[in-house]
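Q: The structure's right below; bear with me while I get my questions together.
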Amino acid sequence: MNIDLATPSAPNLDAIFAALADPTRREILTRLAGGEATVNEIASPFEMSQPAISKHLKVLERAGLVTRAVDQQRRPAKLNAKPMREAVDWLEAFREFWLGSFDQLDGLLDQLKHEEKD
Amino acid sequence: MTELPVYVLERAFNAPRALVWRTWTEPDLLSKWYGPGVETVIHELDVQPGGQWLNEMRMGDSSGYQKSVFTEVVPPERLIMLMSTTNADWELAPNPMMPDWPATLLTVVTFEETDGVTQMRLEWSPHNASPAEIACFAGAVENLGKGWGAGMEMLAQILADLQA
């Protein structure tokens, strides 16, 4: 895992998982995976008002999953994959650490059993 | 009081329970298996209620530190400890990269033997955790427990698409 120590704020897993828990927001992320889009463009396939979509975008922004241009009238939203990647890596790392340890323990126990026999 | 999230890992070992117990309670054995791909240095291992396990993991030039305080020791059946990440002075220090990850995890290890095979079960849950830490751990467990749940599958797909 390539950890960028200069990152000002570490990913907030709480916010990320809350953001991902909603099917509409996952749809929005999928849409943004295809490229940046304005609120209008995002809203068109949904039976939802622009303010409702804007609310969802705010949740995604707070989780660091989406960034929005500040200097343009259209303010297109863009997927920001880095915090997601780090959060996923973190969760996997804990599990991998222990499973790797268990493998080593397995080997050690075999060795100890043989030593006891000798 | 809502129930705390628990993360569980289990593994069967083809060895008697008394032997598996030794690998947790003798420092020269514990250091051989704990921590894959790192050099594990055990500064202290005092397996009794109130006793502590001070663990350093060396990865190249840097080290990670953990302090575990045993709260229950029932040989050879059960170990309960509070595992925390610390700084080099063994003071509790939340991980700067993941501030919402619980700083201390209540860790319950149980050993059950059937016909020479030992089933080892580890359970982790947040201890004295803030609501943010509990929510973070709950979200993690929920998604990991499903081995990539719906949200994570979506995430994996998005990441794969981005890299295509």
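Just so you know, all these numbers are worked out from the coordinates, no wet-lab data involved. From a predicted model like this one, the values you see are computed outputs, not experimental measurements. Quick reminder, even Gly has a Cβ in these numbers, built from the backbone with ideal geometry, and neighbours come from all protein chains shown.
Q: Suppose every Lys and Arg Cβ carries +1 and every Asp and Glu Cβ carries -1, with no other charges. What dipole size does the range B:24-82 come out with about its Cα centre, to the nearest 20 debye?
A: 140
Q: If you don't mind, there's one more thing I want to ask. Can you pull the one-decimal nm distance between simple spin-label points at A:ASP110 and A:ALA21, each 7 Å off the Cα toward Cβ?
A: 4.4
Q: Rounded to the nearest 0.05, what FRET efficiency do B:VAL117 and B:VAL74 have when you use their Cβ-Cβ distance and R0 = 22 Å?
A: The computed FRET efficiency comes out at 0.65.
Q: To make sure I understand, if each residue's beta carbon is the centre and we count other beta carbons within 10 Å, what order do B:GLU39, A:GLU41 fall in, fewest to most?
A: Listed from fewest to most nearby Cβ atoms, that is B:GLU39, A:GLU41.
Q: Right, here's the next one. If the label point is 7 Å along Cα→Cβ of B:VAL6, which residues in the range B:71-101 have backbone nitrogen under 18 Å from it?
A: Residues B:71-74, B:77-83 fall inside that zone.
Q: How would B:ASP115, B:ASP28 line up from fewest to most surrounding beta-carbon atoms within 10 angstrom?
A: B:ASP115, B:ASP28
Q: Which ordering of A:GLU116, A:GLU61 is given by a fewest-first count of other beta-carbon atoms within 10 Å?
A: Result, fewest neighbours first: A:GLU116, A:GLU61.
Q: Further question on the same structure: Given R₀ = 30 Å, FRET efficiency for B:ASN14-B:ASN95 by Cβ-Cβ distance, to 0.05?
A: That pair, B:ASN14 with B:ASN95, gives E of 0.30.
Q: Once the mean 1/r over all distinct Cα pairs of the range B:1-117 is inverted, what Kirkwood radius in angstroms do you read off?
A: 15.5
Q: Test of understanding: extend the Cα→C-beta vector of B:ASN87 to 7 Å, then name every residue of the range B:94-120 with backbone N under 14 Å from that spot.
A: B:94-96
Q: Along Cα→Cβ, 7 Å out, is where each label goes; now give me the distance between the ones at B:GLU44 and A:ARG75 in nm to one decimal.
A: Label-label distance for B:GLU44 and A:ARG75, simple model: 5.4 nm.
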